[in-house]
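Student: Can you read through this structure? Questions will come right after.
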Amino acid sequence: MARKWPRLLWQALALLGLVLAVGFWQVRDLASGTAPPLSGVGLAGEALDLATLRGHPVLVHFWATWCPVCTLEDDAIAAVADDHPVLTVAMQSGSADAVAAHMRENGLAFPVINDPDGLLAARYGVRAVPTTFILDGTGGIRFREVGYTTGPGLRLRLWAAGLMR
């Protein structure tokens, strides 16, 4: 048994290295530094602008109605939106009416800008959903994630972004 520990340790380190490499590869083309401008019309016709959320850490989340992983993450995004500034972008999900219907059917109420052509997503380098950015209070991108992220993970990143000014 004692001879197996070094081998298991090396296998665990190799797996960790692989996971980290995939993560770095996934975010390689995403926006970094200062967040690009992001504004549009919300589903209820209200003006939404990322610039108005400065001063606090912000979660910017790109998702799609047709994405099963996004659906798994919806409740976490909604819970975070209850006590943190959140701006989401429904990427290539059809008309604003279709996105609004999806929100109603799933009991979701977080702010959404519809991006039917993917133009806003392209500005951020987003090619896959879900993709999440955590911004600090000055609009600097502090964290970038592609794929599922837990509610506690989002909250931890928002907390850390609040420390990074």
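Student: Condition check: of a type outside the set (Gly, Ala, Ser), closer than 16 Å to Pro130 by Cβ and loosely packed, with under 15 Cβ neighbours inside 10 Å. Does Leu20 satisfy that?
Tutor: Criteria not met by Leu20.
Student: Among the residues of the range 7-36, which ones are closer than 24 Å to Met164 by Cβ and either part of a loop (DSSP other than H, G, I, E, B) or among the basic types (Lys, Arg) (or both)?
Tutor: Val27, Arg28, Asp29, Leu30, Ala31, Ser32, Gly33, Ala35, Pro36 - these are the residues of the range 7-36 that are closer than 24 Å to Met164 by Cβ and either part of a loop (DSSP other than H, G, I, E, B) or among the basic types (Lys, Arg) (or both).
Student: Hey, another quick one. Only one of (1) of a type outside the set (Asp, Glu); (2) buried (at least 16 other Cβ atoms within 10 Å of the Cβ); (3) closer than 18 Å to Val80 by Cβ; (4) touching a residue at least 24 places away in the same chain (Cβ under 8 Å) is not met by Tyr124, so which one is it?
Tutor: Every condition holds for Tyr124 apart from (3).
Student: Picking from Phe62, Phe24, which residue would you name as being at pLDDT 95 or above and of a type in the set (Phe, Trp, Tyr)?
Tutor: Working: Phe24 fails: at pLDDT 95 or above.
Exactly one residue qualifies, and that residue is Phe62.
Student: From the list Thr138, Thr132, which residue is hydroxyl-bearing (Ser, Thr, Tyr), within 24 Å of Ala47 (Cβ to Cβ), touching a strand residue (DSSP E or B) at 6+ places or on another chain (Cβ under 9 Å) and loosely packed, with under 15 Cβ neighbours inside 10 Å?
Tutor: Thr138
Student: Find all pairs meeting these conditions: Cβ atoms under 7 angstrom apart; at least six residues apart or on different chains; first residue within the range 147-165 and at pLDDT 95 or above; second residue among the charged types (D, E, K, R) and in a loop (DSSP other than H, G, I, E, B).
Tutor: From residues that are at pLDDT 95 or above, the pairs are Ala161/Asp136.
Student: When residues of the range 154-165 are filtered for being surrounded by fewer than 15 Cβ atoms within 10 Å (Cβ to Cβ) and touching a strand residue (DSSP E or B) at 6+ places or on another chain (Cβ under 8 Å), how many remain?
Tutor: Adding up the residues that qualify gives 2.
Student: I would also like to ask the following. Going residue by residue through the range 104-113, is there one that turns out to be of a type outside the set (A, V, I, L, M), closer than 18 Å to Trp159 by Cβ and surrounded by fewer than 20 Cβ atoms within 10 Å (Cβ to Cβ)?
Tutor: Checked the range 104-113: no residue is of a type outside the set (A, V, I, L, M), closer than 18 Å to Trp159 by Cβ and surrounded by fewer than 20 Cβ atoms within 10 Å (Cβ to Cβ).
Student: I'm told Thr71 meets every condition in (1) closer than 19 Å to Glu145 by Cβ; (2) in contact (Cβ under 8 Å) with a residue 40 or more places away in the chain; (3) of a type in the set (S, T, N, Q) except one. Can you identify the failing condition by its number?
Tutor: (2)
Student: Any residue in the range 37-54 that is touching a residue at least 40 places away in the same chain (Cβ under 8 Å) and part of a loop (DSSP other than H, G, I, E, B) sitting within a Cβ distance under 7 Å of a residue that is of a type in the set (Gly, Ala, Ser) and surrounded by 14 or more Cβ atoms within 10 Å (Cβ to Cβ)? List the pairs, counting only those 6 or more apart or interchain.
Tutor: Every condition considered, the pairs that remain are Leu43/Ala96; Leu43/Ala100; Arg54/Gly137; Arg54/Gly139.
The values are calculated or read from the model by the stated rules, or taken from the named source; none is laboratory data. From a predicted model like this one, the values you see are computed outputs, not experimental measurements. Every residue, glycine among them, receives a Cβ derived from its backbone with ideal geometry; neighbour counts consider all protein chains shown.
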